[in-house]
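Novice: Sending over a structure as structure tokens; questions will come in a sec.
The values are calculated or read from the model by the stated rules, or taken from the named source; none is laboratory data. Here the structure is a predicted model, which means the values were calculated and not measured. Positions of Cβ are generated from backbone atoms using ideal geometry, with glycine treated the same way; all protein chains shown enter the neighbour counts. SASA here: full protein model, heavy atoms, side chains in, ligands and nucleic acids out. Shrake-Rupley method; radii C 1.70, N 1.55, O 1.52, S 1.80 Å.
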Amino acid sequence: AWTLVESFSHIFASSLYSLSFNLAINQNDPSNRDYVYRLALKQMSALQSLSTHNLVSCNFDSSLQRDYVLLDNEHNGWNILTKTYSLCRPVTAVNIRGYQCDNGTAPFWTL
């Protein structure tokens, strides 16, 4: 089962960059996930310690068809919640605009 940890519409993206990752937004009201929603870092970290995979996708799509990154927490050797500073990291699968890579690397960075 997937657990939503963060979600936002495009119009909220720039305002989220300036907010602390520790800050929960609409955490007690998941019905706002179409606008802006984020668990507190403490809760994300607790979930991370129990999770086998992370999925980053667009438009709440968990079908693994297009525009997603899938990470295997047990075998990739890194925590998606840590700052990466423009490093290429191992991914189980990544698909960006239809370009697919399995068991490769992809660049991640922190703003």
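Novice: Looking at (1) at pLDDT below 85; (2) open to solvent by 30 Å² or more (accessible area, probe 1.4 Å); (3) of a type outside the set (D, E, K, R); (4) closer than 15 Å to F108 by Cα, can you tell me which one V5 breaks?
Specialist: In the conditions (1) at pLDDT below 85; (2) open to solvent by 30 Å² or more (accessible area, probe 1.4 Å); (3) of a type outside the set (D, E, K, R); (4) closer than 15 Å to F108 by Cα, V5 misses (4) alone.
Novice: If you go through segment 13-24, how many residues are closer than 17 Å to T82 by Cα, open to solvent by less than 80 Å² (accessible area, probe 1.4 Å) and among the hydroxyl-bearing types (S, T, Y)?
Specialist: Total meeting the criteria: 1.
Novice: Restricting attention to segment 56-71, does a residue exist that is at pLDDT below 85, within 14 Å of the chain's Cα centre (by Cα) and open to solvent by less than 30 Å² (accessible area, probe 1.4 Å)?
Specialist: Among the residues of segment 56-71, not one is at pLDDT below 85, within 14 Å of the chain's Cα centre (by Cα) and open to solvent by less than 30 Å² (accessible area, probe 1.4 Å), which makes the answer no.
Novice: I need every pair where a residue in segment 43-55 that is closer than 15 Å to L70 by Cβ has its Cβ under 9 Å from the Cβ of a residue that is in a helix (DSSP H, G or I) and of a type outside the set (F, W, Y), sequence separation at least 6 or different chains.
Specialist: Going by the 9 Å Cβ cut-off, the qualifying pairs are N54/Q48.
Novice: Look through T92, T105, T110, T84 and report the one residue that is open to solvent by less than 70 Å² (accessible area, probe 1.4 Å), outside any helix (DSSP H, G or I) and modelled with pLDDT of 80 or more.
Specialist: T92
Novice: Tell me, please, whether a residue that is under 21 Å from P107 (Cα atoms), without any contact (Cβ under 8 Å) to a residue 12 or more places away in the chain and not in a helix (DSSP H, G or I) can be found in segment 58-65.
Specialist: yes
Novice: Is it the case that S15 is in a loop (DSSP other than H, G, I, E, B) and at pLDDT below 80?
Specialist: no
Novice: May I ask you to list the residues in segment 25-49 that are closer than 24 Å to A106 by Cβ and either open to solvent by 30 Å² or more (accessible area, probe 1.4 Å) or assigned to a strand (DSSP E or B) (or both)?
Specialist: Selection gives R38, L41, S45, L47, S49.
Novice: Please identify the pairs in which a residue from segment 88-111 that is under 11 Å from L70 (Cβ atoms) has its Cβ atom under 6 Å from the Cβ atom of a residue that is part of a strand (DSSP E or B) and acidic (D, E), counting only partners at least 6 apart or on another chain.
Specialist: From segment 88-111, the pairs are T92/D72; A93/D102.
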